[in-house]
Amino acid sequence: MSRADQIFIQNCRDILDNGYWDTGHPVRPKWPDGVPAHTVKRFAVVNRYDLREEFPLLTLRYTNYKNAIDEILWIWQKKSNNTRELNSHIWDEWADESGSIGKAYGYQLGVKHRYPEGEFDQVDRLLYDLRHNPASRRMITNIYVHADLSEMNLYPCAYSLTLNTSGNTLNGILNQRSQDMLVANNWNVCQYAILLTMLAQAGGLEAGELVHVIADAHIYDRHLPIVERLLALEPYDAPQLVMDPDQKDFYGFTVDSFDFPGYQYHKLGEKIPVAI
């Protein structure tokens, strides 16, 4: 059993057995038919993934890692907020007629700030510190910018990444305010595990632990039967990440820089409904 599967099973079981239902409260999300989308949740879920042991790609169901990587590159490399620069359509619900999602996600990473060492955006500041001051305890990004929330079509869910080195090992903490466990949990874990690996290689370091902190980890009411079926499956072993070892430029990585040959997973056999 892969570690990612084990963590997913433990989280979902805990939510289902011990979680809090919001059915007595008005909620913002709705199903496509207009019915309120209620959830059962656990507060402050913290998971640790050691990338030196295995890559945390779920096998209980397929995670479309190519689209997940494409999205994280859209945010962190292109620093884009326009869905027309993305190769999937998962953001279309929040885009305006021009494709923009407002001052959200990649837009915030691309805003330049002045430091004693010069002017950098948030990504380039991380890259600068990884090369020049890897022992820094100030390697932090934040895209939940209150001054711009009114101009965001969607408030960021995964909003902060903190980097920290122990010797030659680069570790990261991903903070997330809210997570749909069935739809998005392994998607985000895969993305930020890839991102941490990219940052480590660009900085001449080894990727270590990814710590994922979720303030509101929830399962939607219409997802319960699907989750129960997944929890009854026997997971496969974790796949092996194959990554271009010669790419040292953070901006030189592409979706094709990563592969998981022989990735085994259970076929879900149905489309997961998504609450908006």
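Enter the accessible area per residue of segment 168-241 (Å², integer; probe 1.4 Å; all protein chains in place).
Numbers: 2280 Å² over 74 residues.
For segment 168-241, the solvent-accessible area averages 31 Å² per residue.
Going through the cross-link list LYS30/LYS79; LYS41/LYS103; LYS66/LYS267; LYS79/LYS267; LYS66/LYS112; LYS79/LYS248, which pairs have a Cα-Cα distance over 24 Å in this structure?
Working: LYS30/LYS79 29 Å; LYS41/LYS103 29 Å; LYS66/LYS267 17 Å; LYS79/LYS267 33 Å; LYS66/LYS112 29 Å; LYS79/LYS248 19 Å.
Going by Cα-Cα distance, LYS30/LYS79; LYS41/LYS103; LYS79/LYS267; LYS66/LYS112 fall outside the 24 Å limit.
Taking only DSSP H segments of four or more residues, each worth -39500 (n - 2.57), what value at 222 nm results for the chain once the sum is divided by all its residues, to the nearest 500 deg cm²/dmol? Intermediate values should be presented prior to the final figure.
Details: 6 runs with 74 residues, N = 276.
Here the helix-only value at 222 nm equals -8500 deg cm²/dmol.
Quick one: if you stick a label point 7 Å off each Cα along the C-beta vector at TYR20 and ALA147, how many nm between them?
Modelled inter-label distance: 3.3 nm.
Cα gyration tensor of segment 95-214, axes a ≥ b ≥ c as square roots of the eigenvalues: rounded (a/c below 1.5), prolate (a/b > b/c) or oblate?
Values: a/c = 2.23, a/b = 1.28, b/c = 1.74.
Note, shape of segment 95-214 comes out oblate.
Under 13 Å from the Cβ of ASN87, count the other residues' Cβ atoms, weight Lys and Arg +1, Asp and Glu -1, and hand me the total. Spell out each step's value before the answer.
On the way: positive: LYS66, LYS78, ARG84; negative: ASP70, GLU71, GLU85, ASP92, ASP256.
Here the count lands on -2.
Sort ASP129, ASP246, ASP259, ASP148 from largest to smallest accessible area, using a 1.4 Å probe on the heavy atoms of the protein chains. The partial results should precede the final answer.
On the way: ASP129 5, ASP246 125, ASP259 65, ASP148 30 Å².
Ranked list, largest accessible area first: ASP246, ASP259, ASP148, ASP129.
Taking the chain as the reference, fit the longest principal axis to its C-alpha atoms, fit the long axis of helix 122-132 to the helix C-alpha atoms, and give the angle between the two in degrees, 0 to 90, nearest 10.
50 degrees
Please give the length that would be gained between VAL213 and TRP94 if that part of the chain were fully extended, namely 0.36 nm times their separation in residues minus their C-alpha to C-alpha distance (nm, one decimal).
Working: separation 119, 0.36 × 119 = 42.84 nm, distance 2.47 nm.
Contour length minus the Cα-Cα distance gives 40.4 nm.
For the Cα atoms of the chain, what angle does the longest principal axis make with the long axis of helix 3-18, in degrees from 0 to 90, nearest 10?
50 degrees
Please work out whether the chain counts as rounded, prolate or oblate from its C-alpha gyration tensor, where a ≥ b ≥ c are the square roots of the eigenvalues and a/c under 1.5 means rounded, while otherwise a/b larger than b/c means prolate and anything else oblate? Numbers along the way, then the final one.
On the way: a/c = 1.68, a/b = 1.25, b/c = 1.34.
It comes out oblate by the Cα gyration axes.
With a ≥ b ≥ c taken as the square roots of the eigenvalues of the C-alpha gyration tensor of segment 56-117, please select rounded if a/c is under 1.5 and otherwise prolate if a/b is larger than b/c or oblate if it is not?
Numbers: a/c = 3.08, a/b = 1.39, b/c = 2.22.
Because a/c hits 1.5 or more and a/b fails to exceed b/c, segment 56-117 counts as oblate.
Would you kindly state how much longer the chain becomes between GLU228 and ARG52 on full extension, computed as 0.36 nm times their sequence separation minus their alpha carbon distance, in nm to one decimal?
Numbers: separation 176, 0.36 × 176 = 63.36 nm, distance 3.03 nm.
Extra length from GLU228 to ARG52 when fully extended: 60.3 nm.
Return a whole-number percent for the relative contact order of the chain, with Cα pairs under 8 Å and 6 or more residues apart as the contact set.
Working: 509 pairs, mean separation 75.8, N = 276.
After rounding, I find 27 percent.
For every other residue with a beta carbon closer than 12 angstrom to the beta carbon of GLN240, add +1 if it is Lys or Arg and -1 if Asp or Glu, then tell me the sum. Mind showing how you got there, number by number?
Values: positive: none; negative: GLU53, GLU54, ASP237, ASP259.
Summing Lys and Arg as +1 and Asp and Glu as -1 gives -4.
I need the GluC sites (Glu not before Pro) found in segment 93-135, filtered to DSSP loop residues with at most 10 other beta carbons within 10 Å of theirs. Don't skip to the end; give the middle numbers.
Numbers: sites: GLU93, GLU97, GLU117, GLU119; in loops: GLU97, GLU117.
Answer in residue order: GLU97.
If DNA, RNA and ligands are ignored and the probe is 1.4 Å, what is the ranking of ARG42, ARG48 by accessible area, most exposed first? Mind dumping the intermediate values first?
Working: ARG42 80, ARG48 130 Å².
Descending accessible area places them as ARG48, ARG42.
Going by average Cβ density within 10 Å per residue, which order do the peptides 15-24, 213-222 take, highest to lowest?
Working: 15-24: 13.0, 213-222: 20.6.
Ranking the peptides 15-24, 213-222 by packing returns 213-222, 15-24.
For the chain, find the longest principal axis of its Cα atoms and tell me its angle to the long axis of helix 181-202, 0 to 90°, nearest 10.
10 degrees
Measure off 7 Å from each Cα along the Cα-to-Cβ vector at GLN240 and VAL27, then give the distance between these two points in nanometres to one decimal.
About 4.2 nm, to one decimal.
How big is the charge dipole of the chain about its Cα centre, in debye rounded to the nearest 20, if each Lys and Arg gets +1 on its Cβ and each Asp and Glu gets -1 on its Cβ?
Numbers: 26 positive and 36 negative charges, 100 e Å.
Approximately 480 debye in magnitude.
Measuring from label point to label point, each 7 Å out along Cα→Cβ, what is the ARG138 to SER160 span in nm?
For ARG138 paired with SER160, the spin-label model returns 1.7 nm.
The values are calculated or read from the model by the stated rules, or taken from the named source; none is laboratory data. These figures come from a predicted structure and were not determined experimentally. Backbone-built Cβ (ideal geometry, glycine too); neighbour counts: all protein chains shown. What goes into the accessible areas is simple: the full protein's heavy atoms, side chains included, and nothing from ligands, DNA or RNA. Shrake-Rupley method; radii C 1.70, N 1.55, O 1.52, S 1.80 Å.
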